[in-house]
Amino acid sequence: MLGLVLGTAVAVWVADLLSKEWVLASMTEGEQRPVLGELLQWHFVRNPGAAFSFAAGSTWIFTILAAAVVVFIVTQLRRIRSPLWAVAFGGLLGGTTGNLTDRLTREPGFFVGHVIDFIQVWGFPAIFNIADIFIVSSMIGVVLLVLMNVGLDGVRRTDEPKRERAAEVDGDATQPLDPRDRPGDRR
């Protein structure tokens, strides 16, 4: 699964980087271009904060958070055995690395660089980029996998009653334990 995680991450990072380089080469800051009328537009902005330019003066905090996400995912790589988790973590890793690259390499400087945003959708209050799309969709995927009790190994856990699990440990999964047979309940 390592190849799937890293392949997804690299594909997302490259797509994000190339799209931002295209915006920088072909648009001026603040410029808007209709793609599908008002439904979808390119609108070039430099974002010093998080979504909706939240906490614009705290770019360094988002740099640290992004680096922490990258480190966390890298520490989990060996545990991933599920293609769904691999794609989710790969998308999150690629998107986070894309925006982290901006924060480390773009103006106004190292660690406080502004993220290049350019996708504007009618009715949506934020302007975003390809990395943001993958961060959000990957997090939705992670939440769904957790809600469905799918482990990093791809095995779906069920909520078995504790008594049945205890019986399995004792070697007889067909007979639930008698409550009087529990250790510590000697009468």
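Which residues, counting only those in the stretch 98-112, are under 17 Å from residue 69 (Cβ atoms) and more than 18 Å from the chain's Cα centre (by Cα)?
104, 111
It is to be established whether one or more residues within the stretch 129-142 are modelled with pLDDT of 60 or more, closer than 30 Å to residue 30 by Cα, within 18 Å of the chain's Cα centre (by Cα) and not in a helix (DSSP H, G or I).
Yes, the stretch 129-142 contains at least one residue that is modelled with pLDDT of 60 or more, closer than 30 Å to residue 30 by Cα, within 18 Å of the chain's Cα centre (by Cα) and not in a helix (DSSP H, G or I).
Just checking, how many residues over the stretch 73-96 are surrounded by fewer than 23 Cβ atoms within 10 Å (Cβ to Cβ) and not aliphatic (A, V, I, L, M)?
7
Is there a residue in the stretch 79-91 that is hydrophobic (A, V, I, L, M, F, W, C), within 15 Å of the chain's Cα centre (by Cα) and modelled with pLDDT under 95?
no
The values are calculated or read from the model by the stated rules, or taken from the named source; none is laboratory data. As the structure is a prediction and not an experimental result, all values here were calculated from the model. All Cβ positions, even for glycine, are placed from backbone atoms using ideal geometry, and neighbour counts span all protein chains on display.
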